[in-house]
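Each remark here refers to the structure printed beneath this line.
Just so you know, all these numbers are worked out from the coordinates, no wet-lab data involved. None of the values given here were measured: they were computed from a predicted structure. Note that we place each Cβ from the backbone using ideal geometry, even for glycine, and neighbour counts take in every protein chain shown.
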Amino acid sequence: LDHVVLLLPHADILDPPTWLTKNFTISPGGRHADNKTENKLILFSDGTYLELIAFIDDSASNRKDHWWDKPYGVVDYALTTVDADFSTLEPIRERLAKTDASISYQDPVEGGRIKPDGTELKWKVTFPTGTSRGSVPFWCHDVTPRERRVPVSREATTHPSGVLGMAGMNVSVKGGKEVEKLRR
């Protein structure tokens, strides 16, 4: 698990509500390359994080056709790899092709954001096809060093709630047929 994406109103990114600040240390994020979204991060000592994301302009027209045009809450989650070229993509595609789940992954697409200090971050993301976004993970592959995107430090990862990380995620599915397809 790399991170979980939590969509919030833009006002909550600018001035995080007390339900967040009384439980978590919130770190600066930045503006994404698409200039539609910006974020702040809740970093954990295990290297995972919560991405607090918001549309800079919350209007319906700005959100339209964006994959995170959803109700506020958890909208997506990402896995990561240690290889920036994502050489494991083909084996994943091959394994999925052997199922009748009709899920695959697109080729990696360049992404990035600028941190408040001006540091440019670059990564590639690999999005799923054949399903709605957020129902299966996307992949985030760092191009610039991961430590720049996820600056884990004692100060950033010490939270009032005492949380240390995310041990995993539970994903609920309707029935068991979809899971059985992927196990093959």
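General observations
- TRP19 versus THR88: modelled label distance in nm, points set 7 Å from Cα along the beta carbon direction: 3.4 nm
- Stretchable slack from ASN170 to PHE127, in nm (0.36 nm times residue separation minus alpha-carbon distance): 13.5 nm
- 13 Å beta-carbon shell around LEU164, net charge (K/R +1, D/E -1): 0
- Residue among SER45, PHE55, GLY30 farthest towards the positive dipole end of the chain, charges placed on Cβ: SER45
- Counting beta carbons within 10 Å around each of ILE26, ILE42, ILE53, ILE114 and listing the fewest first gives the order ILE114, ILE26, ILE53, ILE42.
- Dipole axis of the chain (+1 Lys, Arg; -1 Asp, Glu on Cβ), positive-most option in THR144, VAL75, THR157: VAL75
- Restraint check, LYS36/LYS70; LYS36/LYS122; LYS36/LYS124; LYS70/LYS98, Cα-Cα greater than 20 Å: LYS70/LYS98
- The length gained by stretching the chain between ARG95 and THR144 to full extension, at 0.36 nm per residue less their Cα-Cα distance, is 14.8 nm.
- Amide proton proximity set for GLY111, modelled H, under 5 Å, gap of 5+: TRP123, LYS124, VAL125
- Counting only residues at least eight positions apart within a chain, or on another chain, the aspartates and glutamates with an alpha carbon under 16 Å from that of LYS64 are ASP34.
- For THR37, the residues whose amide H sits under 5 Å from its own are HIS32, ILE56, ignoring neighbours fewer than 5 places away on the same chain, with H placed 1.01 Å from N.
- The gain in end-to-end length when the ALA60 to SER104 segment is fully stretched comes to 12.9 nm, 0.36 nm per residue minus the alpha carbon separation.
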